[in-house]
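Engineer: Below: one structure in structure tokens.
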Amino acid sequence: MISRAAQMIEKLLGQPPQKQEPPRRRAAPNTTTSIRALTDLGESIAASVHVIEASRRLYLCVAMEPKPDALAAQMEKDRRMAAGMFEVDRTWSAAEVNKRWAKDAVLTDGNGCLLHGAMNGARGMTDAGAREVFFEFNALDTYPEKVFLSNGKTRVRVK
């Protein structure tokens, strides 16, 4: 219970201002696009790129197939490494061929300049398979008109 004097002061001065929370930033909804991107990447061919733009991350899935000669060379190398201990399968060798290009891939603009904001602290390639390679980068507020995934020698357009 508050005193009469306190009630009068409260009445004169009004209620103390209530602490207001800042408005919450609404995250943009995720957007998904697919791009047909037939591109020769040296030992592999990229067929398409699936792009998921989230509020904080950019996820890419590049569908790629190794070229027959690169796959045959990798399978022979894997056969020698296995030394008869286990059966070499095409899937494992294909993933190794695709991973060779993808492990060095970074995001660049149309002029080949690195998109530092997307790369700083990002994981880059997260997984490589026989038919696709997955990437994770930081999302940017704005993107250049053209964005590429490049290993310094060859590139595939992702936006």
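The values are calculated or read from the model by the stated rules, or taken from the named source; none is laboratory data. Worth saying up front: this structure is predicted, and the values here are computed from it rather than measured. Calculation scope for accessible area: heavy atoms of the full protein, side chains included, ligands and nucleic acids excluded. Shrake-Rupley method; radii C 1.70, N 1.55, O 1.52, S 1.80 Å.
Engineer: Collect residues whose amide H, placed 1.01 Å from N in the peptide plane, falls under 5 Å from the amide H of Ile45; neighbours closer than 5 in sequence don't count.
Structural biologist: Counting only residues 5 or more places away or on other chains, the set is Glu65, Lys67.
Engineer: Another question, then. With all protein chains present, how much of the accessible area of region 48-159 (probe radius 1.4 Å) comes from carbon and sulfur, to the nearest whole percent?
Structural biologist: 50
Engineer: Same structure again: Would you mind checking which residues have amide H under 5 Å from Thr126's amide H? H placed 1.01 Å from N; only 5 or more apart, or other chain.
Structural biologist: Phe134, Phe135, Glu136
Engineer: Residues with amide H under 5 Å of Val158's amide H, sequence separation 5 or more or different chain, H placed in the peptide plane at 1.01 Å from N; which?
Structural biologist: Val147, Phe148, Leu149
Engineer: Here is a further query. Remind me, relative contact order of region 94-159 in percent, using alpha carbon pairs under 8 angstrom and six or more residues apart?
Structural biologist: Once divided by the residue count of region 94-159, the mean separation gives 36 percent.
Engineer: Could you report the accessible area of Arg80 in Å², rounded to 10, computed with a 1.4 Å probe on the protein chains as they sit in the structure?
Structural biologist: 150
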